[in-house]
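Student: Take this structure, written in structure tokens, and hold onto it; I'll ask about it next.
Rule-based calculations on the coordinates, nothing more; no lab input. Computed from a predicted structure; not experimentally measured. Neighbour counts run over all protein chains shown; Cβ positions are idealised from the backbone, glycine included.
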Amino acid sequence: MALQFGTVLGVTLLLFALVIYLATQETRRRDFTQSLFRRTLVVGHAYAAGQNEHGDAGSEVAYRNYLRQLYRTLPAELGRVYDARNQLVFREGQGLARAAPPAWLAEVRRAGQAVLEPETNFHETVGLLYRDARLGPLVVVASSVDEDSRRQLRELRQLLALGLLGAVAVLGAGSWFFAGQALHPLRRMVREVDGITATDLSKRLTQADGSTDEIGRLAQRFNRLLDRLQAAFAGQRTFVRDASHELRTPLTALIGELEVALLQAERPPVEYRRVLQSTLDSARQLNSLTNGLLQIARASDDPSQVPMAPVPLDEVLLLAHEQLLHRYPNSRIDLELADADDPETYVVRGNEALLLAAVLNVLDNACKFSAPTGGAVKVALSRHRTRLTLAVADEGPGLSPADLAQVFVPFFRAATTRGVPGHGIGLPLAARIMALHGGTVRLESEPGYGTRVWLDWPI
């Protein structure tokens with residue numbers, strides 16, 4: 001991180017320094033060119049004035065001295081004047097100069113001014129058309145070396161180079177320091193994660209107060225993940241403990257009946273039939289419990305692994321109703337199912353076998369708890385704007401608020417239902433199946449007034 005930040009900032013500063021240097025160089029070159037054009041204008045004025053007053057020797061000497069003083073102001077300055085026939089009529093200054101090309105002199109006369117030699121190694125030559133009423137159009141040529149720019153740009157290069165090196169050094173050290181500071185919470189998180197094991201999921205990552213940066217959000221999400229894992233592990237341990245207890249009950253009864261039957265060598269046929277009937281009941285109870293556990297495991301699978309297809313809920317409800325009449329022939333189940341013009345009215349996307357299991361479990365509970373009182377079970381399937389709802393109401397003993405809060409815990413059984421056969425997995429299974437299909441299960445109950453259950457599917 002430090003190398004990347006340092007490289008990016010170093011390249012940025014280098015580009016910035018190059019822009020500054022090139023912009024300064026271009027500005028000074030442009031200013032130097034303008035200063036040369038101004039010099040040509042001065043030379044033209046001075047030459048014209050000298051020619052108009054050259055009648056006496058004193059004026060000519062004064063004119064020459066003035067020009068010598070003028071050309072001492074710029075290093076290696078050279079001035080020349082060409083008449084209308086492109087003849088050199090005046091030359092003053094230091095150094096040698098090539099004759100101006102006639103084509104270039106014609107360009108100066110046409111455009112008014114032109115550059116003969118763009119600045120090369122800080123040397124430049126320019127020409128200006130100077131008009132005089134008596135002498136005619138004159139071309140004044142000036143050339144010089146920009147020593148000031150050469151010196152100042154050299155100093156600017158040195159300053160930018162030193163500043164760039166110093167900035168890169170400071171940036172490197174700062175990047176190293178701040179990268180270490182930025183990664184410090186990650187190193188702390190690694191140490192804390194190493195201390196979290198499957199046997200101790202109570203530890204959490206340290207979060208700074210008010211931290212809303214990416215690392216703070218990562219720690220927050222990781223802690224939420226640990227909360228879910230801890231809840232899942234606790235639920236798994238509870239499930240295994242309760243399932244073991246429930247499986248042990250019929251197995252104990254089965255083993256006990258068989259051991260008692262084997263204590264005596266001979267027994268009446270009636271006693272053997274009783275033992276066989278008791279063991280058969282225990283085996284059926286064990287089979288029912290095992291099937292329930294398998295269904296819960298299947299309902300807890302990844303939704304993407306469960307085959308889904310359009311399922312008509314009205315047909316599922318009628319099938320569940322038919323099966324329940326075989327189980328509870330004396331129960332009264334009132335179905336309320338409105339006729340639908342559209343065959344897709346009660347269709348949802350899901351797994352038909354799981355949906356049938358959910359509906360059967362809810363209706364089975366209602367029939368079991370209503371049977372002792374002879375009450376009716378009312379079932380209604382309706383369609384709303386955003387959902388399909390299956391409402392089931394029984395006339396059983398009802399549930400207290402404390403029991404109602406735990407009805408979705410596997411193997412939980414309320415005190416008022418202990419005398420009714422069951423294992424406490426019907427509603428938890430229905431809730432998991434509904435969650436698998438994006439639906440919900442809602443309950444309302446009062447002791448002595450029965451229980452109402454709603455299964456909701458999104459449309």
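Student: Taking a virtual spin label 7 Å from the Cα of Q323 along the C-beta vector, which residues in region 347-370 bring their backbone nitrogen under 11 Å of it?
Tutor: Once the point is set 7 Å along Cα→Cβ of Q323, 353-364 turn out to lie under 11 Å by backbone N, inside region 347-370.
Student: Long-range amide H contacts for L116: which residues qualify at under 5 Å (H placed 1.01 Å from N, peptide plane, sequence gap of 5 or more or a different chain)?
Tutor: So L116 has HN proximity to T125, V126, G127.
Student: Under the rule of at least 5 residues apart or a separate chain, name every residue whose amide H is placed under 5 Å from the amide H of L138.
Tutor: Y130, R131, D132
Student: Show me 267-273, 38-44 ranked by packing, highest mean number of other Cβ atoms within 10 Å first.
Tutor: Result, highest mean Cβ count within 10 Å first: 38-44, 267-273.
Student: Arrange the peptides 176-187, 136-147 so that the one whose residues have, on average, the most other Cβ atoms within 10 Å appears first.
Tutor: Highest mean packing first, the order is 136-147, 176-187.
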